[in-house]
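Worksheet: one structure, shown below.
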Amino acid sequence: MEGLRLPRTQRRQQILAAAAQAFAETGFHGTSLADVATRVGVSQPGLLHHYPNKQALILAVLEERDEEDSRHLEETFREADPSVVDWLMALCEKNATQPELVQLFTVTAAESLDPAHPAHEFFQRRYRRIRQAVATRVELDQQKGRIDPTLVPTDLASELIALMDGLQLQWLMRPPVDMCAILRRRLERLTAAAGVAARQGGARSDA
């Protein structure tokens, strides 16, 4: 029996939430449309009315989560000039409230290494976009003296993304690590090093 009839937008959100949980638990290949339909309380044809196949469904789930992260950052820093530390910590603290979505991205990113995976291109584009966004923040911080100007922004961006991904994986394990505390300490060392470099540069110029 079909679940209670809902407005289209509300039903799609319900489907995406159920699909995100299913994909996080069993991966793309282990999840069936029938399972998602059961979780939502609709028939499989009813589910297909909104998403024509499993490939379209997982891409919709991933894109919705990325859009939500973008909205969160825009709202958080609407009237601010965030440093890369502020920006990454805001993401980490948000992720700490949604373990199911962190698990979804961790599992699906690993699966997507297969070029035949439906999310392969999504994650290729996503990592390029995130690296560029973090590198841009690093460059702005270097101009303001917050980060050592001798560091290569794209290299540092890759390092910080790898750190966050690795911490998220360990956070999902038991016992979990305190990923945001570890990340903050690493970022504070990064900005502290910039202060040391600036003082040393000033001392040399005065000599």
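Here are a few things to note about the model shown:
- Dipole check for the stretch 63-202: with +1 at the C-beta of Lys and Arg, -1 at the C-beta of Asp and Glu, and the Cα centre as origin, the magnitude is about 560 Debye.
- Taken about its Cα centre, the stretch 1-122 carries a charge dipole of about 720 debye when Lys and Arg each add +1 at the Cβ and Asp and Glu each add -1 at the Cβ.
- Relative packing of 11-18, 78-85, which averages over residues the other C-beta atoms within 10 Å, highest first: 11-18, 78-85
- Calculated from backbone phi, Karplus (6.51, -1.76, 1.60) coupling profile of the stretch 13-19 in Hz, x at Gly/Pro: 5, 5, 5, 4, 5, 5, 5
- Using the Karplus relation 6.51 cos²θ - 1.76 cosθ + 1.60 with θ = phi - 60°, the per-residue 3J(HN,Hα) values for the stretch 111-124 come to 4, 6, 4, 6, x, 7, 5, x, 9, 4, 5, 4, 6, 4 Hz, with x marking Gly and Pro.
- Hz values of 3J(HN,Hα) by residue in the stretch 76-92 - Karplus curve (6.51, -1.76, 1.60), Gly and Pro given as x: 5, 10, 4, 10, 10, 10, x, 7, 5, 5, 4, 5, 6, 5, 4, 5, 4
- Gyration tensor analysis over the Cα atoms of the stretch 65-147 returns equivalent ellipsoid semi-axes of 26, 16, 10 Å (largest first, whole Å).
- Projecting the Cα atoms of PRO149, ALA96, TYR127 onto the dipole axis of the stretch 63-202, where Lys and Arg carry +1 and Asp and Glu carry -1 at the beta carbon, places PRO149 farthest toward the positive end.
Coordinate-derived values only; no laboratory data. Quick caveat, the model's predicted, so the values are computed rather than measured. Cβ: placed from backbone, ideal geometry, glycine included. Neighbour counts: every protein chain shown.
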